[in-house]
Amino acid sequence: MAEKLKMHSPDLVMSNIEKIAELFPNCVTEAAGSDGQLTRKIDFDLLRQELSDELVEGPLERYHLNWPGKREAMLAANAPIAKTLRPCREESVDFDTTKNLFIEGDNLEALKLLQETFLGKVKMIYIDPPYNTGNDFVYQDDFSEHADDYLLRSNQHGINHGRLVANTESNGRFHSDWLSMLRPRLQRARPLLTQDGAIFVSCDEGEHPRLRLLMDEIFGQSNFIADFVWAAGKKNDSRLVSVSHEYIVCYAKSAEHLREKQITWRQRKKGLDEIYSEFKKLSAAHKNNHAAITQALKQWFRQLPDGHPSKANKHYSHVDSRGIYFPDNISWPGGGGPKYEVLHPATKKPVKVPSRGWMTSDPKKLQSWIDDDRVHFGPDETQVPCIKSYLVDRELQTPYSVFYQDGRAASKRLRTLMDGDLFDFPKDELVIQELVEMVTSGDDLIVDFFAGSSTTAHSILLQNAKCEG
Ligand SMILES: C[S@@+](CC[C@H](N)C(=O)[O-])C[C@H]1O[C@@H](n2cnc3c(N)ncnc32)[C@H](O)[C@@H]1O
């Protein structure tokens, strides 16, 4: 799908000058450009004076990430382009009404063209850039040189009209080329994010150390949120250690903003649908006999194999007229809470009081919970009662940074869907869907600029379907 868009990328150098001018108007001057015309320029000597003691210059050692080609990569990010997005009506679906946009082309150019329209509008970016395994291809961004000349000069093989070159390990610029490829793209991607937005970048152990440093540089160390570790199953292809995980590195646009606004990320617990479906079956089989349903549900949890996603919720095995619940602690957090008499509903004798005291200092409040059938009592007064914690109210959890998802399952599904192996190493749409669910809602915009087989689009489709029905 494509949108009717006709635009040229903004001149980022000029916009940087505007920003400096806002802070230090006295540092803006006029000088002749290469064409002899007078233009606005920054008086660097004055700016240096303004910043005086805080400048690091010359040979002074400093902590930073550097590589041959970094300067060019920064220039590539800022260089304006005079290109246009052309709509493809004939290839599109619901062209006039769609809210989706699929752009074919070099992603740096596309990011430049999206800069103004989508500035500060994207809630989530997920990317899966080439892992730099030596076999992937890295775009050659030296547009001043014709690609064929470049390939001839660098003695590398080109594919796809000479726009991609193999980044083999024998190439002395192995890591540098990868960093030079990714840096301008990340630099152009960051301004697209909303203040409460976040970016997720897949990588393996090969480039993980450099990716983290690069992300620190572009997004700021203080905006690092987490390295998700995706355990993808045994490989058994190594003599020493079988590395069976990869990473999804996550940075916020502004961690401070997330903190200030008390924004929380949540995920639906796994295996809930199976529990609800079993509960439905058991309810039908045992009519409204809650004790019998509870017994059967406990038995069902017991026979589940270890590692089954529902098993992590096995404590939710009690049932009443409201549904499935877990008898939770009813005592005062930390201890020292109030102690007063509460009668057992069947024996009418005072029940054992929790050693830390009741969770509410108001006996009337506790009695109202009892009257509302929200307190779980033991068979007699000798057991401390519990508060009922219902599964429907506890479906969400804070996402864990370590998770398991079979690394081959997505390839199998895509093979079936496309009737063949058309894409190498597609990501798992269910994993990306969980990230989408965690960070976005409603009409939020999501961008993937290393689309491959369009796994991210697939995951959004699944999430939209889930929300609708
Ligand atoms: C590792 S794959 C992404 C796979 C994808 N996540 C999936 O699940 O299928 C990286 C993709 O980015 C594309 N790519 C690499 N450099 C690019 C560039 N400069 N512009 C646009 N796409 C690029 C590659 O062709 C490849 O499809």
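Let's see how each residue does on (1) assigned by TED's automatic domain parsing to the domain that holds Arg183; (2) open to solvent by less than 70 Å² (accessible area, probe 1.4 Å); (3) closer than 22 Å to Ala410 by Cβ; (4) in a loop (DSSP other than H, G, I, E, B):
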| position | (1), (2), (3), (4) |
| --- | --- |
| Leu214 | yes, yes, no, no |
| Val229 | yes, yes, yes, no |
| Asn236 | yes, no, yes, yes |
| Val243 | yes, yes, yes, yes |
| Glu256 | yes, no, no, no |
| Glu274 | no, no, yes, no |
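Of the residues in region 55-82, how many are open to solvent by 90 Å² or more (accessible area, probe 1.4 Å) and either of a type outside the set (A, V, I, L, M) or touching a Gly at 6+ places or on another chain (Cβ under 8 Å) (or both)?
Residues meeting the conditions: 8.
From the set of residues in region 174-206 that are open to solvent by 10 Å² or more (accessible area, probe 1.4 Å) and among the polar types (S, T, N, Q), which is farthest from the ligand (Cβ to nearest atom)?
Gln195
Asp362 passes all but one of (1) modelled with pLDDT under 95; (2) open to solvent by 40 Å² or more (accessible area, probe 1.4 Å); which number fails?
(1)
Could you tell me which numbered condition Pro385 fails, if it satisfies all but one of (1) open to solvent by 30 Å² or more (accessible area, probe 1.4 Å); (2) more than 16 Å from the ligand (Cβ to nearest atom)?
(1)
I'd like the full set of residues that are loosely packed, with under 13 Cβ neighbours inside 10 Å, at positive phi and not assigned by TED's automatic domain parsing to the domain that holds Ala198, limited to region 388-445.
Hits for region 388-445 are Asp419, Gly420.
What is the one condition in (1) in the same structural domain as Glu217 (by TED's automatic domain parsing); (2) open to solvent by 70 Å² or more (accessible area, probe 1.4 Å) that Lys112 does not satisfy?
Tallying (1) in the same structural domain as Glu217 (by TED's automatic domain parsing); (2) open to solvent by 70 Å² or more (accessible area, probe 1.4 Å), Lys112 fails exactly one: (2).
Among the numbered conditions (1) in contact with a Cys (Cβ under 7 Å, 6 or more places away or on another chain); (2) open to solvent by 80 Å² or more (accessible area, probe 1.4 Å); (3) not small (Gly, Ala, Ser), tell me where His376 comes up short.
Only one criterion in (1) in contact with a Cys (Cβ under 7 Å, 6 or more places away or on another chain); (2) open to solvent by 80 Å² or more (accessible area, probe 1.4 Å); (3) not small (Gly, Ala, Ser) is unmet by His376, namely (2).
I'm told Ser317 meets every condition in (1) in contact (Cβ under 8 Å) with a residue 24 or more places away in the chain; (2) polar (S, T, N, Q); (3) open to solvent by less than 60 Å² (accessible area, probe 1.4 Å) except one. Can you identify the failing condition by its number?
(1)
Within region 31-39, identify whether any single residue is part of a helix (DSSP H, G or I) and not small (Gly, Ala, Ser), and answer yes or no.
No, that holds for no residue.
Take residues that are closer than 20 Å to Lys270 by Cβ and of a type in the set (D, E, K, R) and tell me which of the helices (runs of 4 or more DSSP H) falling wholly in region 363-469 contain 1 or more.
The helices (runs of 4 or more DSSP H) meeting that bar are 409-418, 429-439, 455-468.
Go through region 424-460 and count every residue that is of a type in the set (A, V, I, L, M, F, W, C), at pLDDT below 95 and closer than 19 Å to Thr98 by Cα.
Total meeting the criteria: 1.
Among the residues of region 446-459, write down those that are more than 15 Å from Asn107 (Cα to Cα), more than 8 Å from the ligand (Cβ to nearest atom) and surrounded by 22 or more Cβ atoms within 10 Å (Cβ to Cβ).
Passing the criteria: only Ser459.
What number of residues within region 33-65 satisfy the criterion of being of a type in the set (Lys, Arg) and within 25 Å of Leu214 (Cβ to Cβ)?
Here the count works out to 1.
Which condition does Lys270 not pass, out of (1) at pLDDT 95 or above; (2) of a type in the set (Lys, Arg); (3) touching a Pro at 6+ places or on another chain (Cβ under 8 Å), if it passes all the others?
Unmet condition: (1).
Go through Arg71, Arg62 for me and flag whichever is part of a loop (DSSP other than H, G, I, E, B), free of Cβ contacts under 8 Å to residues at least 24 places away in the same chain and closer than 22 Å to Gly220 by Cα.
Matching residue, one of Arg71, Arg62: Arg62.
Can you tell me which condition Val249 does not meet? The list is (1) modelled with pLDDT under 95; (2) in a strand (DSSP E or B); (3) among the β-branched types (Val, Ile, Thr), and all the others hold.
(1)
The values are calculated or read from the model by the stated rules, or taken from the named source; none is laboratory data. Here the structure is a predicted model, which means the values were calculated and not measured. We place every Cβ from the backbone using ideal geometry, glycine too, and count neighbours over all the protein chains shown. The area values use the complete protein model at the heavy-atom level, side chains included, leaving out ligands, DNA and RNA. Shrake-Rupley method; radii C 1.70, N 1.55, O 1.52, S 1.80 Å.
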